[in-house]
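Remarks on the structure that follows.
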Amino acid sequence: MTEEAAWVNPQWNGRDPGAFAVIIGVSRYDHLPGGDGEPARETYGLPQLHVCALTAHRFFRWLRDQYVADGRRLAKCWLLLAPTPEEVTARPEVGGWPRPTFDACARAVGQWFATMRDLPAEVARQSRSLFFFTGHGLELRHDDQVLLPSDYLEGPAPVVNRALSTRNLQSGLAGLGVPVQLFFIDACRNDHSRFRERGLRLTGTDVLNEEGSAYASPDVVAPIVYATTSGAQAFQPTSVAGELSLFGRALIEGLSEPPAQIRACDPRLCHVGLFDLVKFLGCRVPELLAQYGSLAAQPVTLGGRSRPVTVADVETTAKARPMPPDPATTGRRLLRVSAGLPSTDWGNLDGARTTDLDVFGGGPMAGLWTGHALRTAAGDAVRHELIAVARQGTGAYRLTVRIPDASVPATLRLSDGAAVLSCRLPALGTDAVVRLDADRNDSGGWNLSVGVDPSAPGIAGRAASCWLRYAEGDASAASREAGSLVGPVLTGESATPLPALIAALVRLRVDPQPALPWLRELALLYPGWPDFQILLAESELRSADRDLTGRAPAALTAYALAFTAEALGYAAAQAAVEARRPGARDPAASAVSQSVLEALDLLQPGGLFCVMSYPGRA
């Protein structure tokens, strides 16, 4: 791919501010089953896709023809497409663009970066960047996803990490003078269980230097809008008759015909803000899923470093779509069963125990819970009971579990026959209510997500509701609610510091430089909760007077395995800061960095708390 392959707005003079974009759409994978190239010997269960090129091209057309934000239009765009023959037949204009091989993607990203780097400082300050990817993705941890190019698994000895890394893209761009950097990722965030089973560490391949760390410019706001939540799939039609992926369709609708409820208007223009857009997407995608008759859950989520920014402007006279209904009315259709079973009987929850319903199917799901254990570090059994089961089809279950006394940390362990799953729960106080979501993975085992259920009494339930609002896309409401969760922890009114921890996690996601003065006090009050120490370091690393050479190693030397998956992700980012630090490294911090990486290899994506999968140990 040459520089000339990029689309350049004929009205851009090369010196004025503008928007600079990379758009990648991969439907046709050369080396997956049905591709045009030599089939890979092992494809890890990855299939061909159907409408990604159409979706990417449609997003490009909207950017080219309609996009404007803060008076800036698209100046330059690198568009790479790998369409299927059916897509080209249906829309010939998707053919003829550069194919998104890994090398082509790397060159496009490099040219994109260099173009923005070379802008005069004032021009850069008034510009913005956009990155849109639709195709296969694999989740490593929150905000660390690998995006697969069209030639993935090429060659006689394919390198599984020959793919783009969202972490590297964000970190590499962070030092630019372009302050608004928008990422839209229309890809699955499935677990990478088949890679883990073979002992493969997925990281992606860096295509940008990460000079100075991901925190190089405190002015940068770099949100990532994900088509689905961690650990889940992104739905798309299997025929070009549907034309666009559900996320791509909803995104273009929300930006070109935004409902009145997500417009902020002045006499001349209406502005679509980031948080309002994500709220619309969180309602519209479930509505589209219901129209397709799908039982799948695909909650749009927000990651990266966010704050309220305008995503796009529309004329005040632009058509306004109706606001979709609340996801609760269009989302997963779940069969609910009251269980009320003590912990020893879960594996027997089958047709013999229920009059009309075979809740666990009498098969793999029942086997998952047979012999499960919840124990303290001293090995003492923790009493708990299954309150309710919600079943979607035959492959997804939600279990609500009550723990009368969760005053000390405990570890839940269970086996799916191929791996041991382990989740370390923090001290959650009395009458804790935990939510467990189990879905079949591509290896025949189970992915498990663990969090607190909103039905938990008192502030714990409020904290769980706040987290779910954030996880399901309503970041603005979650941020407002987070402020009320800290005081009761500091005054001792909460039996667990978890509400304050959730407040910190939400605030760090919706504000690139949050003021969290209470984090230091919590880190001192709760030394058994390593998450607070990790989040304190994260907050300080973002501060205007940050000292990158001291604070991340300090957090790492105090590191123990975080309770929450997001805190573990921040620990991994801090480990990367330590790895890039010039000069002699602290031996203790280096050792902990290695421990963090080993933990990430075992982490199942999804849920509030860390779930580790130990393959081959069942």
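The one condition from (1) in contact with a Gly (Cβ under 6 Å, 6 or more places away or on another chain); (2) over 30 Å from residue 274 (Cα atoms) that residue 52 does not meet is (2). Within segment 436-454, restricting attention to residues that are within 23 Å of residue 488 (Cα to Cα) and without any contact (Cβ under 8 Å) to a residue 60 or more places away in the chain, the residue that is surrounded by the most Cβ atoms within 10 Å (Cβ to Cβ) is 453. Filter segment 495-546 down to the residues that are under 23 Å from residue 431 (Cα atoms) and among the aromatic types (Phe, Trp, Tyr) and list them by number. Within segment 495-546, 526, 529 qualify. Taking the criterion of being outside any loop (DSSP other than H, G, I, E, B) and modelled with pLDDT under 85, the residues of segment 501-521 that qualify are 509, 510.
Residue 531 meets all of the listed conditions (1) modelled with pLDDT under 90; (2) among the acidic types (Asp, Glu); (3) within 22 Å of residue 602 (Cα to Cα) but one, namely (1). In summary, strands (runs of 3 or more DSSP E) completely within segment 241-326 and bearing 1 or more residues that are more than 25 Å from the chain's Cα centre (by Cα) occur at 263-265, 269-273, 310-315. Among the residues making up segment 133-177, those that are buried (at least 24 other Cβ atoms within 10 Å of the Cβ) and β-branched (Val, Ile, Thr) are 134, 146, 166.
Scanning segment 11-57 for residues that are of a type in the set (D, E, K, R), surrounded by fewer than 23 Cβ atoms within 10 Å (Cβ to Cβ) and within 26 Å of residue 92 (Cα to Cα) turns up 30, 36, 38. Can you spot a residue in segment 57-66 that is at positive phi and touching a Ser or Thr at 6+ places or on another chain (Cβ under 8 Å)? There is no residue in segment 57-66 that is at positive phi and touching a Ser or Thr at 6+ places or on another chain (Cβ under 8 Å). Restricted to segment 459-500, and to residues there that are outside any helix (DSSP H, G or I) and within 20 Å of the chain's Cα centre (by Cα), the residue that is surrounded by the fewest Cβ atoms within 10 Å (Cβ to Cβ) is 474.
The values are calculated or read from the model by the stated rules, or taken from the named source; none is laboratory data. These figures come from a predicted structure and were not determined experimentally. A quick note on method: Cβ atoms are made from the backbone with ideal geometry, for glycine too, and the neighbour counts reach across all protein chains shown.
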